[in-house]
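Below is one structure; the comments refer to it alone.
What follows draws every value from the coordinates through simple rules; no lab data is involved. Remember, predicted model here, so these are calculated numbers, not experimental data. Please note: Cβ atoms are built from the backbone with ideal geometry, for glycine as well, and neighbour counts cover all protein chains shown.
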Amino acid sequence: MSKSVTTSQRESPLSLEQHIARSLKQRRISQGYKISDVARIAGVSVGMVSKVENAHVSTSLDILSRLCDAIGLPVSKLFSDYDVAKRGAQLIKAGEGMEVVRTGTEVGHSYHLLSYAQGPYKLYEPFLVTMDDASEEFPNFCHPGHEFLYLLEGELIYRHGTRLYPMSPGDSLSFDGGVPHGPEKLLQVPIRLLSIIHYDESEEG
């Protein structure tokens, strides 16, 4: 079992002061203001605005709020954007998803998790599911959340509750995971399908 996670490292993470400096300067320029304009509207010195925009000082929240008001930038957005900037991207190379054990493993289904370590709350789980001649039909899966299936290879009949859905490559199916579901009949193997389970915060365990 192999596992590969690659995060882009083309830019070093900005400090909070650097993020504030860049955001304020970009906003000021986009609004067509000079440093002197912002200083006058905010009621601070030109030198202070220059120092903040060049990350030479850690300014007080009062001055920061006045600078943001002067250029029409909500303080809340300033900090939320900084939080977003710290989040990385996750690259899983082909064939290197993390193999995991789920209920279907007992009946020969293979699961490779395509994204993990998503933070304190698990919002979704994407799996590459593989079934072959040795796999058994098992239409009794049941779990929290909503599930989306996209069939990549093979043919099967999928059950959700009392309804049956024939699926061929390119077909997709979405449903409530709390209703019993699963492959009713494997018509052509091997079968490869993408399964994405989305959880509400109240459902995630």
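Data overview
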read-out: Paired Rg and Dmax values of region 95-162, which use every Cα atom, in angstrom; value: 12.9, 38
read-out: Gain on full stretching of the segment that runs from residue 79 to residue 176 - 0.36 nm per residue minus C-alpha separation; value: 31.3 nm
read-out: Computed FRET value (nearest 0.05) for residue 143 with residue 65, which takes r as the C-beta separation and R₀ as 41 Å; value: 0.35
read-out: Residue 91 versus residue 133: modelled label distance in nm, points set 7 Å from Cα along the beta carbon direction; value: 3.8
read-out: Two-site FRET efficiency, residue 185 against residue 124, from Cβ-Cβ distance with R₀ of 30 Å, rounded to 0.05; value: 0.60
